[in-house]
Amino acid sequence: MLLILNGPNLNRLGLREPGVYGSQTLEDLERQCESWGAELGEAVTCRQSNYEGQLLEWIQEALEQGFGGIIINPGALTHYSYALRDAISGQPLPVVEVHISNVDAREEFRHKSVTAAVCKGKISGLGFLGYRLGMEYLIELNTTELN
Ligand code: DQA
């Protein structure tokens, strides 16, 4: 079972800078992740919050809620939230960081991620497909670790 978290402003997908993030909505993204999960045989729970503290609590509780891994797009929190970094490093589940846009091709402040170093890895610039690739990785990792 995978937890997919989207952070601040990602509820505005489709409306927000469509030239950067595309015209599909958060609901489209979440339905897409659920259908990829069905295809890959993995249950998926999608959550979004504009509140840092809410994201921290979801990460803190994920293991006891039975999740086997987390995909997170932390939005702009990526670039400065040490609290989010500590929440990720403070729990044992594998986490993949995903960005819809290619953050390295954008403004200088987006080049730095304070969270990526405590994640298994970071996928950036591949649009919604990054979430699917992250899911495939986490499923593969859990299968390998169990065997
Ligand atoms: C983002 C990139 C961040 O820099 C930005 O603040 C976002 C979205 C992305 O998905 O490309 O909110 O994480």
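Only the coordinates and a few stated rules stand behind these numbers; no lab work does. Nothing here was measured: the structure is a model prediction, and the numbers come from that model. Reconstructed Cβ throughout: ideal geometry from the backbone, glycine too, with neighbour counts over all protein chains shown.
Summing +1 for each Lys or Arg and -1 for each Asp or Glu, what net charge is found among the other residues whose Cβ lies under 10 Å from the Cβ of residue 138? Intermediate values should be presented prior to the final figure.
Values: positive: 120; negative: 42, 136, 140.
Net charge around residue 138: -2.
Quick one: net charge of residue 14's neighbours, Cβ under 15 Å, K/R +1, D/E -1?
Working: positive: 12, 16, 31; negative: 17, 27, 28, 30.
Summing Lys and Arg as +1 and Asp and Glu as -1 gives -1.
Using 0.36 nm per residue of separation minus the Cα-Cα distance, give me the extension gain between residue 76 and residue 39 in nm, one decimal.
10.3 nm
Mind checking the dipole of the stretch 2-146: about its Cα centre, +1 per Lys or Arg Cβ, -1 per Asp or Glu Cβ, Debye to the nearest 20? Mind showing how you got there, number by number?
Working: 11 positive and 19 negative charges, 82 e Å.
So the dipole magnitude of the stretch 2-146 works out to roughly 400 debye.
Kyte-Doolittle cut-off -1.0, length cut-off 24 Å along the helix's own axis using Cα: show which whole DSSP H helices in the chain pass. Write out the running numbers ahead of the final one.
Numbers: long enough: 129-146 (26 Å, 0.12).
Flagged H segments are 129-146.
For the stretch 11-18, in order, what is each residue's ³J(HN,Hα) by Karplus, 6.51 cos²θ - 1.76 cosθ + 1.60 with θ = phi - 60°, in whole Hz (x at glycine and Pro)?
In residue order, the calculated couplings are 5, 9, 4, x, 9, 8, 5, x Hz.
What spacing in nm lies between the two simple spin-label points modelled at residue 117 and residue 143, each 7 Å away from Cα in the Cβ direction?
Label at residue 117, label at residue 143, 3.3 nm between them.
How long, wide and thick is the stretch 54-147, going by the Cα atoms along their three principal axes, in whole angstroms, largest first?
Principal-axis extents of the Cα atoms in the stretch 54-147, largest first: 41, 26, 19 Å.
Which residue, 92, 35, 115, has the largest displacement toward the positive end of the dipole of the stretch 2-146 when charges sit on each Cβ (Lys, Arg +1; Asp, Glu -1)?
Farthest towards the positive pole: 115.
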